[in-house]
Amino acid sequence: MKRILTALVLIPVFVYIVVWAPQLLFLLAVTLVAGLCFREYASLVALHHIQPPGLFGYVAGVVLLILPQPQFAFFVIVAVLALALSLRARQLADALPFAGALVLGILYTFGAMRCCVELRSLSVYWLLFALSLNWVGDIAAFYVGRAIGRHKLSPRISPGKSWEGAIASVVAACVYAAVFFPRFLPSVSLLEALAVAAIGNVAGQVGDLCESVLKRGAGVKDSGNLLPGHGGWLDRVDSSLFALPVVYFLVANLRFQP
């Protein structure tokens with residue numbers, strides 16, 4: 001029940017922020033979600049016995065979100081500064097894990113959320129699709145997996161997931177695309193829409209498994225407890241953190257029109 005109530009509250013807020021919110025409010029919402037995800041990621045890092053990312057991670061992440069056009073040099077600077085900060089490590093063997101975890105966290109959370117900003121600049125409907133793509137797939141995977149799931153997708157990482165559920169997720173995402181694109185992005189052909197849906201959905205499922213690895217390695221069930229019935233923000237958007245950059249890469253490079 002908590003899960004359903006939380007979803008009923010979040011869905012209208014999510015649609016408003018994506019489709020109708022002024023740009024400043026949208027950026028504030030994206031920054032808040034990215035910051036909360038980074039905070040939960042840092043907690044998982046600490047449970048892996050690695051020094052967690054500190055203030056520099058938040059600052060670099062926010063700069064990544066608000067830079068007009070992030071350049072390659074920015075990411076190099078972040079990496080070298082992370083390595084420079086690792087000089088403070090008490091044990092020399094801790095320097096590389098700290099620097100690696102810091103750079104990964106910035107790109108994993110703030111970097112993925114930057115793709116929200118870029119997709120919205122192309123069309124609010126591209127962003128709406130990229131964010132909702134795996135939520136639709138998750139529903140199909142849950143019910144199909146419970147009904148006929150027999151073959152485990154990755155029993156060591158996520159015992160509840162099945163190949164049947166994973167396939168159902170991709171199919172549901174493609175059906176969703178076939179309905180969504182003619183209505184909101186009619187210039188995109190059906191074949192292109194199905195390709196983006198399938199690739200984005202698979203990316204999201206991989207993202208879900210990757211977050212499960214982080215949690216299992218840390219010995220916890222959820223990344224946080226801010227969302228009743230859903231765990232933490234990282235638990236809620238783990239699929240989107242992988243799907244967003246993949247969908248944006250496809251859209252930007254295949255030159256789809258809004």
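Does K215 count as surrounded by 19 or more Cβ atoms within 10 Å (Cβ to Cβ) and of a type in the set (K, R)? Even if it seems obvious, please write down each step before you answer.
On the way: surrounded by 19 or more Cβ atoms within 10 Å (Cβ to Cβ): yes; of a type in the set (K, R): yes.
Yes.
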>> Being among the β-branched types (V, I, T), modelled with pLDDT of 85 or more and within 16 Å of the chain's Cα centre (by Cα) narrows it down to one residue among V45, V19, V15, V33; which is it?
In response: V33
>> For region 15-26, which positions are crowded, with 17+ Cβ neighbours inside 10 Å and not β-branched (V, I, T)?
In response: A21, F26
> Which of the following residues is under 25 Å from E118 (Cα atoms), of a type in the set (S, T, N, Q), surrounded by fewer than 22 Cβ atoms within 10 Å (Cβ to Cβ) and modelled with pLDDT under 95: S154, S189?
Replying inline: S189
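Identify, from the list S239, S223, S212, the residue that is of a type outside the set (D, E, K, R), over 17 Å from A130 (Cα atoms) and in a helix (DSSP H, G or I). Before the answer, list the steps.
Values: S239 fails: over 17 Å from A130 (Cα atoms); S223 fails: in a helix (DSSP H, G or I).
Of the residues listed, the single one that is of a type outside the set (D, E, K, R), over 17 Å from A130 (Cα atoms) and in a helix (DSSP H, G or I) is S212.
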> Given the structure, is G105 within 17 Å of the chain's Cα centre (by Cα) and under 20 Å from S240 (Cβ atoms)?
Replying inline: yes
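So which residues in region 242-256 are of a type in the set (A, V, I, L, M, F, W, C) and in a helix (DSSP H, G or I), if there are any at all?
Kept after step one, since they are of a type in the set (A, V, I, L, M, F, W, C), are these residues of region 242-256: 242-244, 246-247, 249-252, 254, 256.
Within region 242-256, F242, A243, L244, V246, V247, F249, L250, V251, A252, L254 meet the criteria.
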>> Among (1) part of a helix (DSSP H, G or I); (2) buried (at least 22 other Cβ atoms within 10 Å of the Cβ); (3) at pLDDT below 95, there is one condition K161 misses while meeting the rest; what is its number?
In response: (1)
> Across region 120-135, what is the number of residues that are out of contact with any Cys (no Cβ under 9 Å at 6 or more places or on another chain), buried (at least 20 other Cβ atoms within 10 Å of the Cβ) and not aromatic (F, W, Y)?
Replying inline: 3
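Select the helices (runs of 4 or more DSSP H) contained entirely in region 1-97, then report the ones holding at least 1 residues which are in contact with a Ser or Thr (Cβ under 8 Å, 6 or more places away or on another chain). Walk me through it before giving the result.
Working: elements: 2-15, 23-47, 55-66, 72-85.
Answer list for region 1-97: 23-47, 55-66.
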>> Checking the conditions here, which among G231, G207, G200 is touching a residue at least 12 places away in the same chain (Cβ under 8 Å), under 19 Å from the mean Cα position of the chain (by Cα) and within 18 Å of L36 (Cα to Cα)?
In response: G207
> List the pairs whose first member sits in region 103-129 and is of a type in the set (K, R), whose second member is surrounded by fewer than 23 Cβ atoms within 10 Å (Cβ to Cβ) and part of a helix (DSSP H, G or I), and whose Cβ atoms are under 6 Å apart, counting only residues at least 6 apart or on separate chains?
Replying inline: R114/L64; R114/L65
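The values are calculated or read from the model by the stated rules, or taken from the named source; none is laboratory data. Worth saying up front: this structure is predicted, and the values here are computed from it rather than measured. Cβ atoms come from the backbone with ideal geometry, glycine included; neighbour counts cover every protein chain shown.
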